[in-house]
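Take a look at the structure below.
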Amino acid sequence: MLRTFQSKIYSPSKIIQVCKKIKDKKIVFTNGCFDLVHVGHVCYLQQARKKGDFLVVVLDTDLSVRKLKGKGRPINTLKNRMAVLAALECVDAVTWFSGSNPLPMIEKIHPHVLVKGGDWLVHKIIGSEQVLSWGGEVFALPYVKGYSTTKLVQKISF
């Protein structure tokens with residue numbers, strides 16, 4: 001039976017509880033803005049899911065996206081970004097983090113696998129040291145060339 005997308009959206013405190021209960025599953029953690037989801041994001045998330053049994057996507061808040069990406073961003077609100085990601089079959093859970101650093105969420109969720117996009121060097125990924133210290137794995141997955149939210153926004157604005 002397919003889960004509805006609403007059943008995959010959790011508060012930060014609830015996803016921490018859920019992850020503590022599913023000790024038999026290999027938890028994969030990724031985070032980001034995911035403002036305008038495009039084929040590059042979908043391929044990335046599918047690759048991330050293949051690294052384990054339960055993919056948790058942790059989103060930047062609207063305020064955080066604005067600080068990272070600038071005026072006019074995010075295009076989609078946190079609520080809408082969570083709904084779109086939760087609708088993807090490869091995503092098992094979606095939540096958010098406050099502030100500019102996902103490390104507290106990484107430490108509380110305690111994933112087996114930490115994944116970021118190919119523009120990150122593994123040793124520079126926030127939380128890599130911690131995940132590796134408890135025996136986990138860290139991956140920088142390759143980008144699908146030609147896809148970028150920033151370029152998409154520029155194209156729409158043109």
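The numbers here are math on the coordinates, done by the rules we state, and not lab data. None of these values were measured; they are calculated from a predicted model. Here the Cβ is made from the backbone with ideal geometry for all residues, glycine too, and neighbour counts use every protein chain on show.
Return the FRET efficiency for the residue pair residue 134, residue 98: r is the Cβ-Cβ distance, R0 is 25 Å, and the value is rounded to the nearest 0.05.
Working: r = 24 Å, r/R0 = 0.95.
After rounding, the FRET efficiency stands at 0.60.
Report the calculated FRET efficiency for residue 151 and residue 120 (r = Cβ-Cβ distance, R0 = 25 Å), to the nearest 0.05.
Details: r = 19 Å, r/R0 = 0.75.
The calculated FRET efficiency here is 0.85.
Using θ = phi - 60° and the Karplus curve 6.51 cos²θ - 1.76 cosθ + 1.60, what whole-Hz ³J(HN,Hα) does each residue of segment 29-37 get, with Gly and Pro shown as x?
Along segment 29-37, the couplings run 10, 9, 9, x, 8, 6, 6, 10, 5 Hz.
Ranked highest first by the average count of other Cβ atoms within 10 Å around their residues, in what order do 12-21, 28-37, 83-92 fall?
Numbers: 12-21: 14.2, 28-37: 22.9, 83-92: 18.2.
Result, highest mean first: 28-37, 83-92, 12-21.
Hey, in the GNM for the chain with a 10 angstrom Cα cutoff, which one of 45, 68, 141 fluctuates hardest?
Judging by the Gaussian network model, the answer is 68.
Would you compute, from DSSP H runs of 4+ residues alone, the mean residue ellipticity of the chain at 222 nm, taking -39500 (n - 2.57) per run and dividing by the full residue count, rounded to the nearest 500?
Theoretical 222 nm ellipticity from helices: -10500 deg cm²/dmol.
Going Cα to Cα from residue 23, which lysines come in below 22 Å? Please leave out same-chain ones fewer than 8 positions away.
Leaving aside lysines fewer than 8 places away in the same chain, those within reach of residue 23 are 8, 14, 50, 51, 108.
Reachable lysines from residue 155, Cα under 22 Å, same-chain residues fewer than 8 places away excluded?
By straight Cα distance, residue 155 reaches 67, 69, 71, 145.
If one computes the Cα centroid of segment 34-61 and of segment 112-146, what distance in Å separates the two points?
Segment 34-61 and segment 112-146 have Cα centres separated by 13 Å.
At what distance in nm do the modelled label points of residue 5 and residue 42 sit from each other, each positioned 7 Å from its Cα along Cα→Cβ?
1.3 nm
What residues qualify as long-range amide H neighbours of residue 9, i.e. H under 5 Å apart, gap of 5 or more or another chain, H built at 1.01 Å from N?
Residues meeting the amide H criterion: 94.
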